[in-house]
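Novice: Mind having a look at this structure? Questions to follow.
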Amino acid sequence: MFAYYFGLAIRSLKRNVVLTVLIIAAIGVGIGASMTTLTVFRAMGSDPIPGKSDQLFTVQIDNWGPNPESSGPGSKSHRLQDQLSYTDAMALMKAHAAKRQSAMYASGVSLTPANPDLLPFQLHIRAAFTDFFPMFEVPFLYGAPWSAADDTAHAQVVVITRALNDKLFAGANSVGKTLNLEGHEYRIAGVLDTWAPIPKFYDLNDERFSKGADVYLPFTRAIDEQMEAWGSVNCRDNAESGWQGRLRSECIWVQYWAELPTSAEQGAYRRFLDNYAAEQRSAGRFHWAPRTALQNVREWMVYQQIIPDEVRILVLVSFSFLFVCLLNAMGLMLAKTMGRSRDIGVRRALGATRRAVFAQCLIESGVVGLGGAAVGLVFTWLGLLGLRALLSAKSVELTHMNATDIAIVVAVAVVATLLAGLYPTWRATKIQPAWQLKAQ
Amino acid sequence: MEIRPILSSMRRNKVGAVLIGLQIAVTLAILCNGLFIVQQRIALSQRPSGMIETDLFTIDNGWIGNPPDVSSRILTDIAALRALPGVVDAANSNDYPLTNSGWTEGVNLTPDQKNSSAFMALYFGDEHLIDTLGLKLVAGRNFEPSEITDRGSTDRVQPATIIVTRSLANRLFPDGKALGQSIYVEGGKHPTQIVGIVDRLQIPWTGAAGWQKKYFEDSVIEPYQFVDSASSYIVRTKPGQLDTVMLAARKRLMEINRNRLITKIEPMADTRFTAYQDHRGLAIILAVVCAALVAVTGFGIVGLTSYWVSQRRRQIGIRRALGATRGAILRYFQTENLLIASAGAIVGVGLAIGINLWMVSSFEMPRLKFVWTLIGAVAVLLLGQFSVLWPAMRAASLPPALATRSA
C-alpha cells in the first residue's frame, strides 16, 4: 500500500511540476537557512567535555566586596568576578581540598628553533598544574604530564601539542628533548594527542572557540618567569607596581578549576570555600560576608553567554524565515490538493475511505518533505560555507556538519512539511465525492 | 471597483487569504528588523577612527628572553623607522584602535571618588603619536619630549599630563571647559592635567553593544614610552608608499636585531577589515535572508493566485462574456491582493514594533523609527501587487468563450 501511495505521490507531484518545485524550493530554502544557524548554535553551545561537564567546577570568590567600586565599563556589580586573584588561587591550591584542581592562565612565549636558520616564532602557552591533564581527560600521544614534584620544583618542563610536535619533530616521539622558550631550555615531558574542546570552556576570556595553547608548562615556572597573562587582567586601584605587586594585589587574572565527582564532595567544597572566605574576613583581608560560587561547565557557559548576540539574532531571523516558508508551502499545498479535488472525488466514489485519502495525501506531503530536506541539506551546506567565509576565523571550526546535524535537517524538514500539509490533507478528506462527480 | 464581491468570494477561500496575509505580516516584521540591523552594523563599521588609516601600518614586535635593555632597543627601532625613506612619522605604543584588545581604566574628578565618572581606553605614546596616527588636535598642546617617561605593563602609575578625546572631555566636563582641568586616573591620588584635546581617537574595541558602542571615542593618550617585551610600532607613510615601506621596515628591523619576534605587520586597512568582519558578516547574511524572504513571499503569492485564477476560470469567462473588460479582471485580482496585503501589513507593523521592542531589551538595540515600518509596509504592498501581476494578467487574457466551455 505504501509503495502504491508513494508512486501515486510521485505521479501527482509530476503533474504540476511548477507548483511542486515552488513548494520544495520554499521548504528547502527555509530549512537551509534555519538549519545553518542551528548547526552553528548547537556547535557553540555543545558540551565540550561530555560525561564530565557536571563534575568540573570553576571557582569564584568575591575578593572585592559585594558593592565594589566600579571595576570597568559595563561591569555588573552583582556578578561575582570571573577569575581569581593570585593570592586566592594559591591558597586553594595549597589546601588541595578537591579530588583534582588546577589554577591556570594563558600567556605567550617565543620559541627559538634549534636550527639557527629558522626564525623564532610565537607560541600560545597555558600555565597549569599537573592535575590539569587528568582532570580534563587530555589524551597523550607520547609521555605523560609532568609530576606534582615538578610543580613544587618550578621545573623547566613542558607538554606540547601534537601539532607543534609534528612541526618541530616531524611527529616523532620527542619526550626528553628540549625546547628553547624565551632563551631557557625546557624538557618535553609529554606530547598531547589532538585535543581541542570547543568552546574552550576552561578559559573563556578571549578566543573562546580557538584550539587553545601550543605548549603547557608548570604554573609555578610561569610565575617565576613573570609571564604576563594573555586575556583579562582586572585590577583594583590599590595594586602596586611590578610583578611582585601584581602577585600581592587583588587583581583577578587566574582561572581555577576543581574536579568534584559527587554531590557530597561538591557540598564539602562549597563549605570549604565559605570557610576560606570567612578566614580571609577574620584576617582582615575581606570586609564582607563570604560570597563564593562553584559553577560546573554547563552553568559556566551560560553564565559567560557563550552564544554571541550575532548568532542569537541569526537563529531568530532564520526560524522566522522558516515559518514564512512553511506558510508559503502550506498555501501552495492547499492549492495543489484542491486542484486535485476531482481525482479524490473519483477515488472516494470508487470506495476509498477518508482514511485512505488521508494516508495518500500525507505520504505525498512526506515525499515533498523529503525533497525539501534534500534541497535544505544543499542550502545548509552552502550556508555554512557562507558563514565560514563571512564570519571571523574564531568560529570557523564550528561550521562542520556531523551525522546528527544531517539527521536533524531531514527530521525537521519532514516533520515541518507534514505539519504544513496537515490542513490541506484534512481538507482533501472533506471533499464530497458527489459534488465533484456532478461538476463533470 | 466593487469590494463586496471580492470579500464574499474571499470568505469561501479563507485559509488561502489568511496564509498570504500572515506571510506578508511576518515578512514585514523580519524585513523591518533585519534591514534595521543591517543598517546599524554598516553604520557601526563606517565610524571614523580619527586616524589617517590609508597611510598607516603597524608592527607588533616582541623581544626574546626578556632582555633588560628593552627601552633603548625600542628607541633604536623607532629612530630607524622614522629614518626610512617614505616614512612621515613612527611611534611606539601599547595598543592602537581597532585591535579589539587593550586597556581600560576609570577616570575620577576627585581623588577619593568611589565610582568612576567615566572609563577610558589607554594609549601610551610620546610626542610623535598624534602626528603618526594623524589625529587632529583641537585644543591645547601636544606632549613635550621632557614629559615622556618609561612604563612597563605591570607599573601602576599616574601621569602628570594627559591628552583626551573631545568625546571624553565633554563627558567629564559638559560645560566644554575640559582643557587645563585636573582629573584622577588609574585610581591615583595625584592630579593629572588635561593638556590637549584631540577631535577623535577610537577605542580598541568595536563591539555593537554596551560600553564598547556607547563610549567608542572615550580614549586618552598618556605620555609614556611603553617598555615591555611586546609592544606595537605604528608607522605613517607618505601617501601611496605603504607597501614598499612595509617591506623596508621589516628588513631594517631584522638588520638591527634578529633576536626579536615580529608577530604581525599589517596595514591599518586590514586591521579595520578584521575588526568589523563579524558585523559585516551579519549584515550580509541578514541582507541575503531578507532577499530570500521577499522572493519566497513573492513566489508564494504568484503560486496561490495562479491557483485561484485556474479555479475561477469559469467565473472569469462568464464575467468577460457579460461584458467585463480585461482591465476589470486585472483590477479584481489586484484589489483582492491589496485587501489581503493591507490586512497583513497592519498586523506586520505591530509585529515589527513588538519584535523591535523585545530586541531593544535583550540585545541593546536602538528603537526602530515608526516611519521605517511604514516604508516597509508600502514595500510589502508593492511586493504583493508586483507578484499578483502575472497571474492576474493571465486571468485577464482568458478568452471568454474558452473559459466557459469546459473547466
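Novice: Based on what the data block shows, is A:Glu364 more than 11 Å from chain B (Cβ to nearest Cβ), within 30 Å of A:Gln101 (Cβ to Cβ) and part of a helix (DSSP H, G or I)?
Specialist: Taking the combined requirement at face value, the residue does not satisfy it.
Novice: Give the residue, chosen from A:Arg221, A:Arg291, that is surrounded by 17 or more Cβ atoms within 10 Å (Cβ to Cβ), of a type in the set (Lys, Arg) and out of contact with any His (no Cβ under 7 Å at 6 or more places or on another chain).
Specialist: Exactly one of A:Arg221, A:Arg291 is surrounded by 17 or more Cβ atoms within 10 Å (Cβ to Cβ), of a type in the set (Lys, Arg) and out of contact with any His (no Cβ under 7 Å at 6 or more places or on another chain), namely A:Arg291.
Novice: Something else about it: Looking at segment B:206-241, which of its residues are in a helix (DSSP H, G or I) and touching a residue at least 24 places away in the same chain (Cβ under 8 Å)?
Specialist: B:Trp211, B:Lys213
Novice: Going residue by residue through segment A:350-357, is there one that turns out to be more than 10 Å from chain B (Cβ to nearest Cβ), closer than 19 Å to A:Gly32 by Cβ and of a type outside the set (Asp, Glu)?
Specialist: There is no residue in segment A:350-357 that is more than 10 Å from chain B (Cβ to nearest Cβ), closer than 19 Å to A:Gly32 by Cβ and of a type outside the set (Asp, Glu).
Novice: Looking only at residues in segment B:178-205 that are touching a strand residue (DSSP E or B) at 6+ places or on another chain (Cβ under 8 Å), within 14 Å of chain A (Cβ to nearest Cβ) and in a loop (DSSP other than H, G, I, E, B), which one is surrounded by the fewest Cβ atoms within 10 Å (Cβ to Cβ)?
Specialist: B:His190
Novice: If the requirement is being surrounded by 15 or more Cβ atoms within 10 Å (Cβ to Cβ) and either modelled with pLDDT of 90 or more or not assigned by TED's automatic domain parsing to the domain that holds B:Leu28 (or both), which of these qualifies: B:Pro391, B:Pro400?
Specialist: Among B:Pro391, B:Pro400, only B:Pro391 is surrounded by 15 or more Cβ atoms within 10 Å (Cβ to Cβ) and either modelled with pLDDT of 90 or more or not assigned by TED's automatic domain parsing to the domain that holds B:Leu28 (or both).
Novice: Quick test for you: out of A:Ile24, A:Ile10, pick the one residue that is out of contact with any helix residue (DSSP H, G or I) (no Cβ under 6 Å at 6 or more places or on another chain) and either under 30 Å from A:Arg347 (Cα atoms) or among the hydroxyl-bearing types (Ser, Thr, Tyr) (or both).
Specialist: Checking each option against the conditions leaves just A:Ile10.
Novice: In the set B:Leu168, B:Leu98, B:Leu122, which member is part of a loop (DSSP other than H, G, I, E, B) and under 29 Å from the mean Cα position of the chain (by Cα)?
Specialist: Being part of a loop (DSSP other than H, G, I, E, B) and under 29 Å from the mean Cα position of the chain (by Cα) holds for just one of B:Leu168, B:Leu98, B:Leu122, which is B:Leu98.
Novice: Right, here's the next one. Identify the residue in segment B:13-35 that is farther than 9 Å from B:Ala352 by Cβ and in contact with a Ser or Thr (Cβ under 8 Å, 6 or more places away or on another chain) and, among all such residues, is farthest from the other protein chains (Cβ to nearest Cβ).
Specialist: B:Ile24
Novice: Does at least one position in segment A:271-282 carry a residue that is on the phi < 0 side of the Ramachandran plot and within 14 Å of another protein chain (Cβ to nearest Cβ)?
Specialist: No, segment A:271-282 has no match at all.
Novice: So in segment B:255-286, with the set limited to residues that are in contact (Cβ under 8 Å) with a residue 24 or more places away in the chain, in a loop (DSSP other than H, G, I, E, B) and surrounded by fewer than 17 Cβ atoms within 10 Å (Cβ to Cβ), which one is farthest from the other protein chains (Cβ to nearest Cβ)?
Specialist: B:Asn257
A quick yes/no check of all residues on (1) over 16 Å from the mean Cα position of the chain (by Cα); (2) assigned by TED's automatic domain parsing to the domain that holds B:Phe386:
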site	(1), (2)
B:Lys264	yes, no
B:Pro267	yes, no
B:Ile284	no, yes
B:Val294	yes, yes
B:Gly298	yes, yes
B:Thr305	yes, yes
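Novice: Is it true that B:Thr244 is among the β-branched types (Val, Ile, Thr), surrounded by fewer than 20 Cβ atoms within 10 Å (Cβ to Cβ) and either part of a strand (DSSP E or B) or assigned by TED's automatic domain parsing to the domain that holds B:Gln39 (or both)?
Specialist: Against the criterion (among the β-branched types (Val, Ile, Thr), surrounded by fewer than 20 Cβ atoms within 10 Å (Cβ to Cβ) and either part of a strand (DSSP E or B) or assigned by TED's automatic domain parsing to the domain that holds B:Gln39 (or both)), B:Thr244 does not qualify.
Novice: If you don't mind, another one. Scan A:Phe201, A:Phe319 and give me the residue that is closer than 30 Å to A:Ile31 by Cβ, at pLDDT below 95 and of a type in the set (Phe, Trp, Tyr).
Specialist: Answer to the check: A:Phe319.
Novice: Mind telling me which of the residues A:Gln255, A:Gln305 ends up being within 25 Å of the chain's Cα centre (by Cα), of a type in the set (S, T, N, Q) and surrounded by fewer than 17 Cβ atoms within 10 Å (Cβ to Cβ)?
Specialist: Exactly one of A:Gln255, A:Gln305 is within 25 Å of the chain's Cα centre (by Cα), of a type in the set (S, T, N, Q) and surrounded by fewer than 17 Cβ atoms within 10 Å (Cβ to Cβ), namely A:Gln305.
Novice: State all residues of segment B:217-244 that are in contact with a helix residue (DSSP H, G or I) (Cβ under 9 Å, 6 or more places away or on another chain), within 20 Å of B:Ala83 (Cα to Cα) and more than 14 Å from every other protein chain (Cβ to nearest Cβ); if no residue qualifies, say none.
Specialist: Those that are in contact with a helix residue (DSSP H, G or I) (Cβ under 9 Å, 6 or more places away or on another chain), within 20 Å of B:Ala83 (Cα to Cα) and more than 14 Å from every other protein chain (Cβ to nearest Cβ): B:Gln225, B:Tyr233, B:Ile234, B:Val235, B:Arg236, B:Thr237, B:Lys238, B:Pro239, B:Gly240, B:Gln241, B:Leu242.
Novice: Please verify whether B:Asp131 is assigned to a strand (DSSP E or B) and over 26 Å from the mean Cα position of the chain (by Cα), treating the condition exactly as stated.
Specialist: So B:Asp131 fails the test.
Novice: Among the helices (runs of 4 or more DSSP H) confined wholly to segment A:108-220, which include 1 or more residues that are in the same structural domain as A:Gly231 (by TED's automatic domain parsing), in contact with a Pro (Cβ under 6 Å, 6 or more places away or on another chain) and closer than 29 Å to A:Ser232 by Cβ?
Specialist: Per the criteria, A:132-135, A:148-153.
Novice: I'd like the full set of residues that are of a type in the set (Gly, Ala, Ser) and within 14 Å of chain B (Cβ to nearest Cβ), limited to segment A:334-349.
Specialist: A:Ala335, A:Gly339, A:Ser341, A:Gly345, listed by residue number.
The values are calculated or read from the model by the stated rules, or taken from the named source; none is laboratory data. Predicted, not measured: the structure shown is a model, and the values here were computed from it. Note: ideal-geometry Cβ built from the backbone for every residue, glycine included; neighbour counts use all protein chains shown.
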